[in-house]
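Step one of this worksheet: look at the structure below.
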Amino acid sequence: MSTREQWGTRAGFVLAAIGSAIGLGNIWRYPYVLYENGGGSFLIPYFFALFTAGIPILLLEFWIGHRYRKAAPYALRDLARGWSWLGWWPAMVCFVIVTYYAVVLAWALSYMYFSFGLQWGDDTKAFLYGNFLKLTDSPSVVGGLQWHIVLPVVIVWAIVFFYVYRGVRKGIERANKVMIPLLLVMIAIVVFRGVTLPGAVDGLNHLLTPDFSKLANPQVWIAAYSQVFFSLSIAFGVMITYASYLPKRADINNSAFITGLANSGFEFFAALGVFGAIGFLAHVQGADVKDVASAGPGLAFVVFPKIISELPALNELFGVLFFGALVLAGLTSAISLVEVSIAAVMEKFSWSRQKAASIVCGAAFVGSLVYTTGGGLYYLDIVDHFINAFGGLLVGLLEVILVGWVVKKTAEARAYTNTMSDFAIGSWWDFCVRYVTPIVLGAMTLLNLVKEFREPYEGYPLWALLTLGAGVAAAALIVSVAFHLSDARNLKPVSHGKQEGM
Ligand code: PHE
């Protein structure tokens with residue numbers, strides 16, 4: 001077996017981890033989550049989640065990747081015999097996510113183009129759902145492929161494929177070294193414009209005014225944990241895979257803190273710009289901030305085009321900057337999402353990177369086509385809801401149970417990362433991994449399950465929820481177990497080579 005690919009520089013690894021973390025979730029999800037869950041007071045559950053689960057699990061995954069130097073399924077198998085399914089599962093989840101994530105990027109790319117001449121017109125809602133998506137009346141009406149959306153999807157996949165095909169150092173690292181600094185510059189301009197617009201202060205007041213009564217609501221704590229998991233890309237196999245490309249000596253503790261804090265800093269910064277701009281729109285329309293605020297596609301493709309049209313000057317430029325920022329943030333996340341599967345199948349089938357990248361990206365592209373149909377937005381919404389409800393958090397829960405209670409390696413992990421890091425992590429980390437995180441995640445999983453059975457998500461028809469939602473999530477798990485079983489059959493004795501710092 002040839003030697004494992006490696007990052008060229010330490011900054012390359014940290015930038016790639018940050019690039020995976022910073023994505024659509026930071027720009028279109030976080031601001032609204034913050035607003036809806038108590039504003040300033042939400043920072044309490046948020047930072048609690050970040051420091052008890054976010055950064056500790058990030059450290060744990062960096063350790064697993066660095067220690068075992070394999071793709072997620074095999075790193076986990078080496079950590080604990082019989083657990084490779086826990087690496088295949090997030091790999092499948094990432095594969096499903098990237099099929100629709102790429103489509104959202106394609107929409108953003110189209111809107112970059114629509115910025116020229118502000119082609120969305122006055123009724124941005126009608127433009128999005130009618131003219132652009134051609135959304136059908138219900139999920140049962142598929143509505144055929146929309147070729148004007150297939151085209152940008154092809155472009156997005158071509159870019160992602162280009163970088164993962166070229167490998168870790170020449171592809172992924174390079175993409176992040178170019179895209180992340182560029183993204184920061186673009187977002188800084190957008191945020192600066194957002195907070196200096198008339199009415200911005202009103203938006204920021206709505207965003208930040210604390211509502212401490214919300215802290216008593218468990219849903220607010222669930223929102224904090226879900227945001228931290230998705231936004232930091234933890235429990236998705238990404239961070240294990242990326243850390244497996246580190247050189248023997250690497251400052252893991254520092255990298256985990258930098259990644260976690262950079263991601264949170266970015267989303268908080270973005271939220272200021274988003275709500276400044278929302279305050280401006282409310283001001284212009286004589287409306288209330290709460291009637292203008294939204295998240296997801298509604299925020300990015302209905303509210304923002306309106307804001308962009310209303311700007312006093314340089315409208316087209318700000319359109320390109322905003323949608324361009326979405327595209328860049330999303331591309332680096334999409335690259336990380338496919339890399340999890342690529343690394344895993346490269347090892348499973350002993351394929352070359354080129355072959356694995358071609359097959360994984362090709363298959364994911366075909367999957368993306370589902371969301372380019374007239375009913376695409378419905379399918380996207382349902383799949384996204386279920387795969388997240390039963391993907392990330394559950395994998396995170398199982399990971400901490402595995403390390404904290406099954407193989408009982410928290411002390412070993414901490415000793416390992418401490419010997420090669422600038423500063424040492426104390427025993428609070430073990431406490432978080434063994435007690436705090438499993439208890440909170442366990443309670444959340446139960447609450448989520450109860451909620452799912454009580455009320456069908458968004459009132460979609462049951463058949464759609466069962467096939468697209470629960471069906472896709474279950475299929476991801478079944479395929480993972482199948483891969484696991486076939487791994488077990490081919491199980492050869494594994495050797496870890498010589499490990500330093502143990
Ligand atoms: N963290 C990314 C975002 O905020 C999404 C992502 C999730 C990427 C899981 C990789 C893995 O948009």
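The values are calculated or read from the model by the stated rules, or taken from the named source; none is laboratory data. Treat the numbers as computed from the prediction; the structure is a model and nothing was measured. Neighbour counts are summed over all protein chains in view; Cβ atoms, including those assigned to glycine, are modelled from backbone coordinates with ideal geometry.
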Taking the condition of being assigned to a helix (DSSP H, G or I) and either closer than 22 Å to Leu393 by Cα or small (Gly, Ala, Ser) (or both), how many residues in the stretch 92-115 meet it?
14
Using beta carbons and a limit of 7 Å, which pairs, at least six apart or on different chains, have the first residue in the stretch 340-366 and polar (S, T, N, Q) and the second one in a helix (DSSP H, G or I)?
Ser341/Ala91; Ser341/Cys94; Ser341/Phe95; Ser341/Val360; Gln354/Tyr165
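Considering each of Ser140, Ser110, Ser226, Ser115 in turn, give the residue that is more than 22 Å from Leu326 (Cα to Cα) and among the polar types (S, T, N, Q).
Residue meeting the stated conditions: Ser140.
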Condition test on Val338, is it within 16 Å of the ligand (Cβ to nearest atom), part of a helix (DSSP H, G or I), at pLDDT 95 or above and surrounded by 17 or more Cβ atoms within 10 Å (Cβ to Cβ)?
yes
Just for the stretch 40-91: of the residues that are out of contact with any Leu (no Cβ under 8 Å at 6 or more places or on another chain) and not in a helix (DSSP H, G or I), which one is nearest to Ala256 (Cα to Cα)?
Arg69
Has the stretch 12-29 got any residue that is modelled with pLDDT of 95 or more, of a type in the set (Ser, Thr, Tyr) and within 30 Å of Pro218 (Cα to Cα)?
yes
Filter the stretch 351-392 for residues that are at pLDDT below 95 and of a type in the set (Ser, Thr, Tyr); the one that is surrounded by the fewest Cβ atoms within 10 Å (Cβ to Cβ) is Tyr379
Filter the stretch 157-170 down to the residues that are surrounded by fewer than 21 Cβ atoms within 10 Å (Cβ to Cβ) and in contact (Cβ under 8 Å) with a residue 24 or more places away in the chain and list them by number.
Ile159, Phe161, Tyr165, Gly167, Arg169
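So for the stretch 278-296 (the condition being in a loop (DSSP other than H, G, I, E, B) and surrounded by 20 or more Cβ atoms within 10 Å (Cβ to Cβ)), does at least one residue qualify?
yes
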How many residues does the stretch 397-424 hold that are of a type outside the set (A, V, I, L, M, F, W, C) and over 27 Å from the mean Cα position of the chain (by Cα)?
7
Here is a list: Val141, Val150. Which entry is β-branched (Val, Ile, Thr), surrounded by 14 or more Cβ atoms within 10 Å (Cβ to Cβ) and in contact (Cβ under 8 Å) with a residue 12 or more places away in the chain?
Val150
Would you call Leu321 closer than 16 Å to Gly273 by Cβ, in contact with a helix residue (DSSP H, G or I) (Cβ under 9 Å, 6 or more places away or on another chain), within 16 Å of the ligand (Cβ to nearest atom) and in contact (Cβ under 8 Å) with a residue 24 or more places away in the chain?
no
Take the conditions crowded, with 21+ Cβ neighbours inside 10 Å, of a type in the set (A, V, I, L, M, F, W, C) and either modelled with pLDDT of 95 or more or not in a helix (DSSP H, G or I) (or both) and apply them to Ala256. Does it pass?
yes
Considering residues of the stretch 229-245 that are among the small types (Gly, Ala, Ser) and part of a loop (DSSP other than H, G, I, E, B) only, the residue farthest from the ligand (Cβ to nearest atom):
Ser244
If I go through the stretch 427-442 residue by residue, how many of them are in a helix (DSSP H, G or I) and free of Cβ contacts under 8 Å to residues at least 40 places away in the same chain?
6
Could you tell me whether the stretch 144-157 includes any residue that is small (Gly, Ala, Ser), at pLDDT below 95 and outside any helix (DSSP H, G or I)?
yes
Just one of the numbered conditions (1) of a type outside the set (D, E, K, R); (2) in contact with a Pro (Cβ under 7 Å, 6 or more places away or on another chain); (3) over 17 Å from Val96 (Cβ atoms); (4) surrounded by fewer than 24 Cβ atoms within 10 Å (Cβ to Cβ) is not true of Leu317; which one?
(2)
Residue hits (the stretch 217-252; surrounded by fewer than 23 Cβ atoms within 10 Å (Cβ to Cβ) and at pLDDT 95 or above) are Leu246
Residue pairs, Cβ under 8 Å, 6 or more apart or interchain, first in the stretch 388-403 and under 16 Å from Phe62 (Cβ atoms) and touching a residue at least 60 places away in the same chain (Cβ under 8 Å), second of a type in the set (Asp, Glu) and part of a helix (DSSP H, G or I). List them.
Glu399/Glu61
Under the condition of being modelled with pLDDT of 85 or more and polar (S, T, N, Q), which residue from the stretch 419-457 is nearest to Asp251 (Cα to Cα)?
Ser421
